[in-house]
Amino acid sequence: MRKAKRWLLSLAVLIGTATVGSTSAGAATAAEPNGTDVRHTGGATARGDDAGQDIKDRILAIPGMSLIEEKPVDGYRYFVLDYTQPIDHRHPERGTFQQRLTVLHRSVDRPTVFFTSGYNVSTTPSRSEPTKIIDGNQVSLEYRYFTPSRPTPTDWKKLDIRQAAADQHRIFQALHALYPKNWIATGGSKGGMTATYYRRFFPHDMNGTVAYVAPNNTDRADPAPYDRFFATVGSAQCRADVAKVEREALLRRDEIVNRYEKWAGENKRTFTLIGNADRAYEVLVTDLVFGFWQYQPAETACATIPKADASTDALYQWIDKVGGFDSYTDQGLEKFLPYYYQAGTQLGEPTYHYPNIQDLLRYPGLNNSRSFVPREIPMAFDKRAMPDVDRWVRHHARHMMFVNGQYDPWSAKHFTLGTGARDSYVFTVPGGNHGADIAKLKDADRTKATAELLSWAGLPVPANGRPTDRAPYDRNLDRPELRRMTTLRP
């Protein structure tokens, strides 16, 4: 979503959604004789056998499942897989495609986390925050229509939230017999949205859902929530400095666009879809306020905003850091085409005003998803999709947790709970941005959130709320998940 670069963080994101883990607690336990559970003890590895049959053989015995590769991971087995899915779950006879997923296998006796970024799946082993907390397995799924999980020929009408939820449902059904303990759905940003939509259409698959920084655009045409957010976020001085630097960026647009075009030529970047570098640059500038608050740490980033008299070099570098010059090139847009299509057909996208730069805009109204999707792909917006999910969450949510960041623009439109929701929670990280997670919550909220997650996973809840068998920190598996996207990308 909105641009604070797309460090998919997608991821994370964003991309996008696990989060960096904390320190280990609890002693390791020895493996069972049949290898079903090998805890993290030095160089130990998880075999995951069951009654003598290797876990890889059991996974590959699932109809439609095929192995791309297995990668070595200390304490786990890690598989990159393809699974045959219907293009249209309502009419499975009309063709199939291969959907990529990964399995980080811990033990058949541990709970399982079902993770999605809502974008591409990473084939580098990593753990989401819930996976670390419950010391479980992790199944990570690539969202349909992200390369290479895209049918050919491509019927874009089959890219919607219900079809995607049905993808997850089939994966769960295929793997549940192998992993019979409790399952938790999670994801950050668009992944948090995805976990929520999955729960709406298949409410009984998961035992719990943890959705991080998940926007809820029930009315895409309403700019008021975002306008209020940008009028009140952070300090008045920081808001004023961001507004000034955006204006300065457009006052110097000719000089910077010349540099932009030179950079594009040197890096083989083109602007066929959006039109030219000047148009791409204007969209980039209108995204800066969103990107700044989405990802920059407010306590330090405000002091780094260039002054009005800063050099053009300093301004150029800051714009690239906050917005990303690659974002609206053809090459930058193509990677996220399925997201932009969904934003313009169901998900909605941020709408807000630019009072500080309105008089400097040459292309008003350019910053929207229709501008980023080739014209040969039709787009018609479904006004019912997001209100339907919102009503379901308010009135029927069970065992659901939403974690938001106070300074994250996406929190301007977030999920809320109504009187019908049960055992569900909305938490906010004070001063948090689009990287908000359970670990960053206030002590009482963190203890509560951790206890609820353990309970949903079917694990004992210690009196202090701290799991004794939490997975130890692993610098290779627990790198922070970047949930970056353009302003239009959550």
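The values are calculated or read from the model by the stated rules, or taken from the named source; none is laboratory data. Bear in mind that the values here come from a model prediction, so they are computed numbers and not experimental data. No Cβ is skipped: glycine too gets one built from the backbone with ideal geometry, and neighbour counts run over all protein chains shown. Just the protein is used for accessible areas: all its heavy atoms, side chains included, with ligands, DNA and RNA removed. Shrake-Rupley method; radii C 1.70, N 1.55, O 1.52, S 1.80 Å.
Condition check ((1) crowded, with 24+ Cβ neighbours inside 10 Å; (2) part of a helix (DSSP H, G or I); (3) acidic (Asp, Glu); (4) under 20 Å from the mean Cα position of the chain (by Cα)) across all residues:
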residue: Arg279; (1), (2), (3), (4): no, yes, no, no
residue: Glu282; (1), (2), (3), (4): yes, yes, yes, no
residue: Asp309; (1), (2), (3), (4): no, no, yes, no
residue: Gln317; (1), (2), (3), (4): no, yes, no, no
residue: Asp320; (1), (2), (3), (4): no, yes, yes, no
residue: Gln331; (1), (2), (3), (4): no, yes, no, no
Of the residues in the stretch 118-137, those that are open to solvent by 10 Å² or more (accessible area, probe 1.4 Å) and in contact with a strand residue (DSSP E or B) (Cβ under 7 Å, 6 or more places away or on another chain) come to Val121, Thr123, Pro125
Out of all the residues in the stretch 222-276, which are among the basic types (Lys, Arg) and either part of a helix (DSSP H, G or I) or over 27 Å from Asp313 (Cβ atoms) (or both)? Arg228, Arg239, Lys244, Arg247, Arg253, Arg259, Lys262
Go through (1) more than 28 Å from the chain's Cα centre (by Cα); (2) open to solvent by less than 30 Å² (accessible area, probe 1.4 Å); (3) more than 27 Å from Cys302 (Cα to Cα) for Gly187 and report which single condition fails. (1)
Of everything in the stretch 245-260, what is acidic (Asp, Glu) and surrounded by fewer than 17 Cβ atoms within 10 Å (Cβ to Cβ)? Give them in sequence order. Asp254, Glu255
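Residues checked against (1) within 24 Å of the chain's Cα centre (by Cα); (2) modelled with pLDDT of 95 or more; (3) of a type in the set (S, T, N, Q):
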{"residue": "Ile59", "(1), (2), (3)": "no, yes, no"}
{"residue": "Glu69", "(1), (2), (3)": "no, yes, no"}
{"residue": "Gly75", "(1), (2), (3)": "no, no, no"}
{"residue": "Tyr83", "(1), (2), (3)": "yes, yes, no"}
{"residue": "Thr116", "(1), (2), (3)": "yes, yes, yes"}
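Condition check ((1) part of a helix (DSSP H, G or I); (2) under 22 Å from the mean Cα position of the chain (by Cα); (3) not small (Gly, Ala, Ser)) across all residues:
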position	(1), (2), (3)
Ala301	yes, no, no
Pro350	no, yes, yes
Arg362	no, no, yes
Pro374	no, no, yes
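Report yes if Met401 is aliphatic (A, V, I, L, M), surrounded by 17 or more Cβ atoms within 10 Å (Cβ to Cβ) and either at pLDDT 95 or above or not in a loop (DSSP other than H, G, I, E, B) (or both), otherwise no. Lay out the reasoning, then the answer.
Working: aliphatic (A, V, I, L, M): yes; surrounded by 17 or more Cβ atoms within 10 Å (Cβ to Cβ): yes; either at pLDDT 95 or above or not in a loop (DSSP other than H, G, I, E, B) (or both): yes.
For Met401, the condition - aliphatic (A, V, I, L, M), surrounded by 17 or more Cβ atoms within 10 Å (Cβ to Cβ) and either at pLDDT 95 or above or not in a loop (DSSP other than H, G, I, E, B) (or both) - is met.
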Just one of the numbered conditions (1) hydroxyl-bearing (Ser, Thr, Tyr); (2) in contact with a Leu (Cβ under 8 Å, 6 or more places away or on another chain); (3) assigned to a loop (DSSP other than H, G, I, E, B) is not true of Thr131; which one? (3)
Which is part of a loop (DSSP other than H, G, I, E, B) and either surrounded by fewer than 22 Cβ atoms within 10 Å (Cβ to Cβ) or within 17 Å of the chain's Cα centre (by Cα) (or both), of Ala436, Ala444? Ala436
For Asp219, only one of the following conditions fails: (1) in contact with a strand residue (DSSP E or B) (Cβ under 8 Å, 6 or more places away or on another chain); (2) assigned to a loop (DSSP other than H, G, I, E, B). What is its number? (1)
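On the given criteria, is Arg90 at pLDDT 95 or above, of a type outside the set (Ser, Thr, Tyr), open to solvent by 10 Å² or more (accessible area, probe 1.4 Å) and part of a strand (DSSP E or B)? First the steps, then the outcome.
Working: at pLDDT 95 or above: yes; of a type outside the set (Ser, Thr, Tyr): yes; open to solvent by 10 Å² or more (accessible area, probe 1.4 Å): yes; part of a strand (DSSP E or B): no.
When the stated conditions are applied, Arg90 does not pass them.
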Cβ-Cβ below 8 Å, separation at least six or inter-chain, first residue in the stretch 214-230 and under 14 Å from Trp293 (Cβ atoms), second part of a helix (DSSP H, G or I) and basic (Lys, Arg): which pairs? Phe230/Arg239
